[in-house]
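Quick notes on the structure that follows.
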Amino acid sequence: MEEELLVYRRTKKVDQKLEARLQAIMQAAREEFARNGFYGTSIKDIARRAGVGIGTIYLYLRNKEALFAALVNEAYEMVLDRIARARKNATGGRQKLQASMEAALAVLQENRDLARVMLVQSPAGHPAVAEQLYDLLRRLARLVEEDVLEGIARGELPPQDAHIAALAFVGTFYQVVISWLKEGIPADLTAAGKELIAYNLRGLGYKVEGVIENA
């Protein structure tokens, strides 16, 4: 029994070491891609920043494209998870919309390098990355559409095409985030988010006085 326990402990330690090395590689890739873009970054650059050999990276991921796609997927899952957790405490379409936007803006502000990888530095025409971005925006639009329909059903919003409204809502959000990442405007995304949320809620038909506060 004691011998088996020692083997278990040794295996667990090895697993932890491998996981730590993978996280170091992912962090290095995140920083290199955010700074130099997809085409300006090489596996050699990532290995040097992570402090590992080039061959070590290939033990985890088969090529640069796979590493980039893994980072993009990490970012998407982070955004969607934060939104899902925020919506659990919200009641009604308006509160869900506000909670969703605040959660998404917060996670992007906290992970700007990852956001740049996800939305700005993606290789043009890369099918996997393009599909991931499309899926994220589609899922966000679906949530907004559900909230708009709920607002209409409750009599809080005027009758409207919920699908078109959702696409416009997400599109405005997306353009502000892209401006922040590319031009640094607004400087503070979460602070500017209050204006953005108020603007979008007004666009749907909610009565909003000034800049809304956190619910």
Over region 111-134, the set of residues under 12 Å from the mean Cα position of the chain (by Cα) and either part of a helix (DSSP H, G or I) or at pLDDT 95 or above (or both) is R112, D113, L114, A115, R116, V117, M118, L119, Q132, L133
In the set G151, G155, G171, the lone residue that is open to solvent by 20 Å² or more (accessible area, probe 1.4 Å), among the small types (G, A, S) and part of a helix (DSSP H, G or I) is G171
Scanning region 193-207 for residues that are touching a residue at least 24 places away in the same chain (Cβ under 8 Å), open to solvent by 30 Å² or more (accessible area, probe 1.4 Å) and on the phi < 0 side of the Ramachandran plot gives Y199, G203
Expected single match for buried (at least 18 other Cβ atoms within 10 Å of the Cβ) and in contact with a Gly (Cβ under 7 Å, 6 or more places away or on another chain) among A28, A47, A34, A69 is A47
Inset, instruction - Answer yes if at least one residue in region 83-98 is of a type outside the set (D, E, K, R), farther than 16 Å from G193 by Cβ, assigned to a helix (DSSP H, G or I) and modelled with pLDDT of 90 or more, and no otherwise. - result: yes
Within region 29-65, the residues that are under 18 Å from the mean Cα position of the chain (by Cα), small (G, A, S) and assigned to a helix (DSSP H, G or I) are A29, A34
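The values are calculated or read from the model by the stated rules, or taken from the named source; none is laboratory data. The structure presented is a predicted model; accordingly, all values stated were derived computationally and were not measured. Cβ atoms come from the backbone with ideal geometry, glycine included; neighbour counts cover every protein chain shown. When the accessible area is computed, the model is the full protein with side chains, heavy atoms only, and any ligands, DNA or RNA have been set aside. Shrake-Rupley method; radii C 1.70, N 1.55, O 1.52, S 1.80 Å.
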